[in-house]
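A short write-up of the structure that comes next.
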Amino acid sequence: MSSVESWFRLHGPYLLGVLRSVCGDRDEADDLFQKVWLIALEKEDRIPPEKAARAWLTGIALKACHASVRKKKRRRLLLKKWGTEFPASTSDQTDTSIPEHFRRRALWIRIGSLPKLQREVLLLRVVEEMTTKEVAETLGRAEGTVKASLHRALGSLKAALGPDFLPQHELRPTG
C-alpha cells in the first residue's frame with residue numbers, strides 16, 4: 001500500500017470535513033477532495049515525513065479551496081462585465097453609442113469564433129486563471145504554444161473589437 005493510500009484512510013474524513021466547512025458547498029468540497037488526492041499522488045515522491053502529512057494535506061486542501069473561491073469571483077466579475085444577455089427591446093435607446101449588453105455579446109461571439117486552441121487557451125488562462133504551465137499540461141501543448149496562442153487570441157479580439165473594447169488590466173494573464 002502506498003503512502004497516499006494509507007493517508008487517505010487516516011486523513012480522508014478529516015480533510016473532507018475541512019473542505020466542507022471552508023468551501024460551504026458540499027459538491028464543490030467533494031470535487032476539491034478528489035483534487036487534493038490527485039495532487040498528493042502526483043507529489044508522492046516528495047511526501048513529507050509522516051508526522052507532517054496531515055498538515056501538508058490540509059495545506060493542499062486549503063490552497064485548492066481558496067483557488068476555487070478566486071476563480072468563482074473572477075468568473076462572476078467577467079460575466080458581469082461580459083454578460084451574454086440581449087435586451088428585450090432596443091427601441092428605447094436614444095443615443096448612438098453601442099449599449100454595453102451588445103458590447104458584451106459581441107465579445108462572447110468573437111471569442112466563440114476564435115480557432116479552437118486560441119479559444120481554449122484564452123478561457124483557461126483568463127477566465128479559469130490557470131498558469132501557462134497548467135494550460136500546457138491540460139491541453140497537451142508546449143508552454144510556448146500556449147503563450148503564442150494567447151497572444152494571437154488577444155490580438156484577434158483587439159483587431160475585431162477595437163483596442164478600447166478590452167481593458168488590458170482585465171485580460172493580462174498571470175503566472
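All of the numbers you see were taken from the coordinates with simple rules; none came from a lab. In this text the structure is predicted, and so the values were computed from the model without any measurement. FYI the Cβ positions are ideal-geometry reconstructions off the backbone, even for glycines, and counts take in every protein chain you see.
All other residues with a Cβ under 11 Å from the Cβ of Leu114 taken together, and with Lys, Arg as +1 and Asp, Glu as -1, what is their net charge?
In short, +3.
Count charges around Ala136 for me, please; just the other residues with Cβ under 10 Å from its Cβ, Lys/Arg as +1, Asp/Glu as -1. Here the count lands on 0. Computed from phi, the 3J(HN,Hα) profile of the stretch 32-37 under the Karplus parametrisation 6.51, -1.76, 1.60 (θ = phi - 60°) reads 5, 4, 5, 4, 4, 6 Hz, with x in place of Gly and Pro.
Basic side chains Lys and Arg get +1 at the Cβ, acidic Asp and Glu get -1 at the Cβ, and with that the dipole of the stretch 1-71 about its Cα centre reaches some 280 debye. Model label points for Leu123 and Asp27, set 7 angstrom from Cα along the Cα-to-Cβ axis, are 1.8 nm apart.
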